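First comes the structure, then the notes that go with it.
The values are calculated or read from the model by the stated rules, or taken from the named source; none is laboratory data. From a predicted model like this one, the values you see are computed outputs, not experimental measurements. Virtual Cβ from ideal backbone geometry, glycine too; neighbours counted across all protein chains shown. Each accessible area value is taken on the protein alone, full model and side chains, heavy atoms only, with ligands, DNA and RNA left out. Shrake-Rupley method; radii C 1.70, N 1.55, O 1.52, S 1.80 Å.
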There are 2 protein chains.
Amino acid sequence: MPDVRRPNLASNITADDVAEAIGVSRWTVNRAFKKDASISPKTRSKVMEAANKLGYVPDLRAAALASDRSNLVALLVDDFANPHKLVMMERLTRILRKHGWDTLLVNTLDRADAGHAILNASQRRVDAAILIGIQFDDEVLETALHARRFHKLIIFARTSRHPNTISIAVDDASAMQEITGYVAEHGYRRPLFLAGPRTYSAHLLRKETFLGCWEARFGTIPESAEVPAYDPILAEQVVTRVLTGRPRAEMPDILVCENDALAIGAIDVIRHKLGLRIPEDIAVTGFDDVPQCQSPNYALTTYRQPLTEMAEYLVDVLESSEDRDFDRAFKGKLIARTSA
Amino acid sequence: MPDVRRPNLASNITADDVAEAIGVSRWTVNRAFKKDASISPKTRSKVMEAANKLGYVPDLRAAALASDRSNLVALLVDDFANPHKLVMMERLTRILRKHGWDTLLVNTLDRADAGHAILNASQRRVDAAILIGIQFDDEVLETALHARRFHKLIIFARTSRHPNTISIAVDDASAMQEITGYVAEHGYRRPLFLAGPRTYSAHLLRKETFLGCWEARFGTIPESAEVPAYDPILAEQVVTRVLTGRPRAEMPDILVCENDALAIGAIDVIRHKLGLRIPEDIAVTGFDDVPQCQSPNYALTTYRQPLTEMAEYLVDVLESSEDRDFDRAFKGKLIARTSA
DNA sequence: TATATTTTTGCACCCGTGTGCAAAATCACA
DNA sequence: TGTGATTTTGCACACGGGTGCAAAAATATA
């Protein structure tokens, strides 16, 4: 077969080709594609027209290589069982793309793999790494910060106090205070706190705040249970184990869950395995306001994080060249439904 | 402030630095990082040691630029309301990464944006684009194939007959035949098919197969309804509209849903708005086997796609340099639970 | 030890674009 | 029309590594 190139592959049209076609230099062509570049409108439109005709688009690899700015971020996720991750990924990719940023999705398989995942991302020379998983403990963060060339390491939707890290999250303390208030004022008196895995300091924040607030109000420390991952299926197992066979008098009257993933599993068990009603027998609260919360089946009272606002702030952080403390905690909103 | 470079940024260690440190040429250093390269074991380990000490890792941008192979794929998604997308993203990113491929996650905001999204990906010179959305109609595919430089355009988990496209999907026809058989043999006689949006030819496949099979068996064409997106919330609305106020005799005895997202919405409505029991009053089947299907609340009878196998095949396709017909349909598995 | 064979290493050139500056072109105004 | 101010354009050099081949080194063979 002769050396025929399929025209729709258009594999090697560069700025030079466009430049030659209209008799300008390559640099002029690239300028036409650059916002705020010093180029006359006439030339620009001439370039764009030719580029369009030839099917030219600038090569972002080469641009990144030459400028040391890729407009690419790595999004590291390790917790796909939590439906809230889907919401976060949607929101982040949408807003990032709106501002010209692309997203490398890295599935951190497990704790041991986190280092590799980060290394992997660093080889693509991303401008920043955004962590929305749970298994990133201090050790992993150190690895990331140590040898690698991330300009910015951002912990999104989780509070982190790590000094070289940027934390963009909801204000857990005030959120849990609000939830505690809601629970107390609605007459619940025997709460059980359903916590997620204790892999990272930040996670204790919600639990501790709740227990602390409750103690301050009533002088007793509520019971709590721990689920090894933010996975409704695992939450089912834990709740089953903790509540099955309890005398009615010792049953909690409300399950305060660290997030919706746990709350959803809890509701399923309470209703279908324990045969109890929600909220009459046991009420439930969550955190995140995942789409399922709206389902009449769950109608989950929960706390919504201002994800869009947080993502917009993230973009500001990415585009800022200052070197200040970017940590920020946002206020969310308690969404009262019928589960509590 | 003097020009002090933070050591942990390690921003410009190149193969040259490593080469100089141990007295070899740059090319030897890069060879050490390349599998199957012709290099002596001694030299390689010397290089690796030095690289490790200096914190050097090859720059994949430069490698991609020079070799015209990026080991990067774009994953285009537009349908984040469907929980199955989360499963697919997890599986794909996991398996791709296992084989050394990175994933660019592109959120195709809406139909009109699909073209931009594809252009965007092409500018990163990805080796292939993988579509797991629904809004990619023939027009969009043409755009993608036309001016852009994708080596491969893959439609994943959906059948496509587009000639320049690679379709890796489950065999919809045989799957729906199996479901039809299950439904018929379990005594259901008044099915209603709940379909998704009619944006793309492939989507009619499941519906048409079901209606066709049913007609062949019983001589009647079942009723059907259409939901404008694979979103449980929208499915709730449609099912409510279609079933509310119907005399009992005209109620379907089973809802055969095009996928789980629709089935889940349907179950919620049937139970909580219509006050009927599942499966006694109305049974439900889905498609995909999302994690929620296991919940005792849904216990959804559904059809599981062999996602891992499909993803592994995808990698084979990516790594193949032949130019043959890669389309392939996989057999999945009917998962019987108590919803039907 | 000399020669043939194989393995290992070095190198010229290329991938496609950004940066800062100097040259050229255009414009403003007397 | 001439001069200076301003905009627009061109260019040398850089970004970091891949490719194929030739030179050099190591090994095998006689």
Pick from B:Arg206, B:Arg125, B:Arg248: which is most flexible by mean-square fluctuation in a GNM of chain B where alpha carbon atoms under 10 Å apart are linked?
B:Arg248
Taking 0.36 nm per residue of sequence separation and subtracting the Cα-Cα distance, how much length would be gained by fully extending the chain between B:Gln237 and B:Ser25, in nm to one decimal?
69.6 nm
How high is the relative contact order of chain A, in percent, counting Cα pairs under 8 Å that sit 6 or more residues apart?
14
Picking from B:Pro247, B:Pro291, B:Pro222, which is most flexible by a Gaussian network model of chain B using Cα springs under 10 Å?
B:Pro247
Taking only C-alpha pairs under 8 Å that are 6+ residues apart, what is the relative contact order of the stretch A:172-304 in percent?
23
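Once you have a ≥ b ≥ c as the square roots of the Cα gyration tensor eigenvalues for the stretch B:172-304, tell me rounded if a/c is under 1.5, and otherwise prolate or oblate according to whether a/b is larger than b/c. Provide the component values of the computation, followed by the final result.
Details: a/c = 1.30, a/b = 1.14, b/c = 1.14.
It is rounded, given that a/c, with a ≥ b ≥ c, falls under 1.5.
Using the eigenvalues of the Cα gyration tensor, what equivalent ellipsoid semi-axes result for chain B when each is taken as the square root of five times the eigenvalue, whole Å, largest first?
Working: eigenvalues 499, 80, 69 Å².
The three semi-axes for chain B are 50, 20, 19 Å.
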Where in the stretch B:163-178 does the label zone of B:Glu215 land, with the point 7 angstrom along Cα→C-beta and an amide N cut-off under 12 Å?
none
For chain A, calculated [θ]222 nm from helices alone, where every DSSP H run of n ≥ 4 adds -39500 (n - 2.57)
-13000 deg cm²/dmol
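Determine the percent antiparallel among the DSSP beta bridges restricted to the protein assembly as shown, to the nearest 5.
Values: 9 of 75 bridges.
Percent antiparallel among DSSP bridges in the protein assembly as shown is about 10.
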Non-local Lys pairs in chain A, i.e. 8 or more apart or on different chains, that have alpha carbons under 25 Å apart
20
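Using Stokes-Einstein with the Kirkwood hydrodynamic radius over Cα pairs, what translational diffusion coefficient do you get for the stretch B:1-114 at 4 °C and a viscosity of 1.567 mPa s, in µm²/s rounded to a whole number? Don't skip to the end; give the middle numbers.
Working: Rh = 17.3 Å.
Value of D from the Cα-based Kirkwood radius: 75 µm²/s.
With N denoting the number of residues in the protein assembly as shown, provide Rg(C-alpha) divided by 2.2 N^0.38 Å, to two decimal places. Don't skip to the answer; put the middle values down first.
Numbers: Rg = 27.3 Å, N = 680, 2.2 N^0.38 = 26.2 Å.
That ratio works out to 1.04.
Counting only protein chains, not ligands or nucleic acids, how are B:Asp172, A:Asp327 ordered by accessible area (probe 1.4 Å), most first? Can you show the working numbers first?
Numbers: B:Asp172 10, A:Asp327 65 Å².
Sorted by accessible area, descending: A:Asp327, B:Asp172.
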Compactness relative to 2.2 N^0.38 Å, alpha carbon Rg of the stretch B:48-165
1.18
Along the stretch B:314-319, what does the Karplus equation 6.51 cos²θ - 1.76 cosθ + 1.60 (θ = phi - 60°) give for ³J(HN,Hα), rounded to whole Hz, x for Gly and Pro?
4, 4, 4, 4, 4, 8
With labels modelled as points extended 7 Å from the Cα through the Cβ direction, what inter-label distance (nm, one decimal) is found for A:His272 paired with A:Lys98?
3.7
Other copies of B:Arg328: label-to-label distances in nm, shortest first, labels 7 Å along the beta-carbon direction:
4.7
Treating the angle as unsigned and between 0 and 90°, give the value, to the nearest 10°, between the Cα long axis of helix A:201-218 and the longest Cα principal axis of chain A.
30
Given +1 on the Cβ of Lys and Arg, -1 on the Cβ of Asp and Glu, and no further charges, what dipole in debye does the protein assembly as shown carry about its Cα centre, rounded to the nearest 20?
820
Nearest-0.05 FRET efficiency for A:Asp110 and A:Asp16, computed from C-beta distance (R0 51 Å):
0.65
Using R₀ = 60 Å, calculate the FRET efficiency as 1/(1 + (r/R₀)^6) where r is the Cβ-Cβ separation of A:Asp316 and B:Glu185; round to 0.05.
0.50
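At 25 °C and 0.890 mPa s, grab the translational diffusion coefficient of the stretch A:7-58 from Stokes-Einstein with a Kirkwood Rh over Cα pairs, rounded to a whole number in µm² per second. It would help to have the intermediate numbers written out before the result.
On the way: Rh = 10.8 Å.
Calculated translational D: 226 µm²/s.
I'd like the carbon and sulfur percentage of the solvent accessible area for chain A, probe radius 1.4 Å, heavy atoms only, ligands and nucleic acids excluded.
Numbers: 7320 of 14640 Å².
The C+S portion of the solvent-accessible surface of chain A is 50 percent.
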What distance in nm lies between label points placed 7 Å from Cα along the C-beta direction at B:Glu309 and B:Arg324?
1.9
I'm checking a number: the convex hull volume of the Cα atoms of the stretch B:143-249, normalised per residue, in Å³. What is it?
125
What residue among A:Tyr313, A:Tyr298, A:Tyr56 has the largest mean-square fluctuation in a Gaussian network model of chain A, using Cα springs under 10 Å?
A:Tyr56
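With a Förster radius of 41 Å, plug the Cβ-Cβ distance of B:His151 and A:Ser45 into 1/(1 + (r/R0)^6) and report the FRET value to the nearest 0.05. Could you put the intermediate results ahead of the total?
Values: r = 32 Å, r/R0 = 0.77.
The calculated FRET efficiency here is 0.85.
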Tilt, helix A:172-185 to longest principal axis of chain A (alpha-carbon atoms), in degrees rounded to tens, equals 30
Taking the label point as lying 7 angstrom from Cα along the Cα-to-Cβ axis, what are the distances from A:Arg277 to the corresponding position in the remaining copies, in ascending order and in nanometres?
1.8
Once the stretch A:277-335 is represented by equal point scatterers at the alpha-carbon sites, with solvent omitted, what log10 I(q)/I(0) does the Debye formula produce at q = 0.29 Å⁻¹?
-1.17
Can you list the residues of the stretch B:80-103 that have at least 20 square angstrom less accessible area with all protein chains present than in their chain by itself, probe 1.4 Å?
B:Phe80, B:Leu86, B:Met89, B:Glu90, B:Thr93, B:Arg94, B:Arg97, B:Asp102, B:Thr103
